[in-house]
1. Apply the a/c threshold of 1.5 to the C-alpha gyration tensor of the stretch 50-114 and tell me whether it is rounded, prolate or oblate.
2. When the Kirkwood hydrodynamic radius is evaluated over all pairs of different C-alpha atoms of the stretch 70-155, what value in angstrom, to one decimal, is obtained?
3. Arranged by the count of other C-beta atoms within 10 angstrom, fewest first, what order do 127, 63, 144 take?
4. Using a basic spin-label model with each label point 7 Å from the Cα along Cα→Cβ, how many nm lie between residue 104 and residue 91?
5. Give, in nm to one decimal, the length gained when the segment between residue 53 and residue 117 is fully stretched (0.36 nm per residue of separation minus the Cα-Cα distance).
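Derivation of every value follows stated rules applied to the coordinates shown; laboratory data play no part. Because the structure is a prediction, the values reported are computed rather than measured. Note that each Cβ is placed from the backbone with ideal geometry, even for glycine, and that neighbours are counted across all protein chains shown.
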């Protein structure tokens with residue numbers, strides 16, 4: 001997909017810094033962090049440019065959470081605390097989907113914060129897992145890592 005904004009072509013939606021520099025001049029700092037009252041406008045353009053990446057990453061996060069839930073259902077030996085966390089995480093991810101499909105940065109941030117908090121509890125619950133169940137550990141840690149990275153980019 002080719003992007004063109006105000007006659008400025010670019011093919012990578014992650015090249016938002018270049019686009020924002022051309023659009024807003026010096027009204028922003030690195031990665032569209034805002035300055036001087038232009039924050040909301042710059043933030044909206046930043047989200048618009050990142051939308052394909054956000055959707056792709058949320059799909060990956062959803063998949064990891066779903067796989068963690070399937071693993072928890074199949075393995076009754078996993079601690080109940082972990083199983084409860086993953087169930088709650090799956091429910092919250094389903095509720096968060098519309099926020100990630102929108103371009104509303106505030107809704108996405110709230111959803112990310114909620115999912116990130118549950119991810120932290122799930123990782124803590126992993127400490128109670130006897131042995132090295134790398135399957136559940138991999139799904140939880142990967143989803144948590146993706147959430148944390150996306151959270152840093154949007155906050």
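1. prolate
2. After inverting the pairwise mean of 1/r, the radius is 13.4 Å.
3. Numbers: 127 9, 63 13, 144 22.
Neighbour counts put them in this order, fewest first: 127, 63, 144.
4. 2.2 nm
5. Roughly 20.9 nm would be gained on extension.
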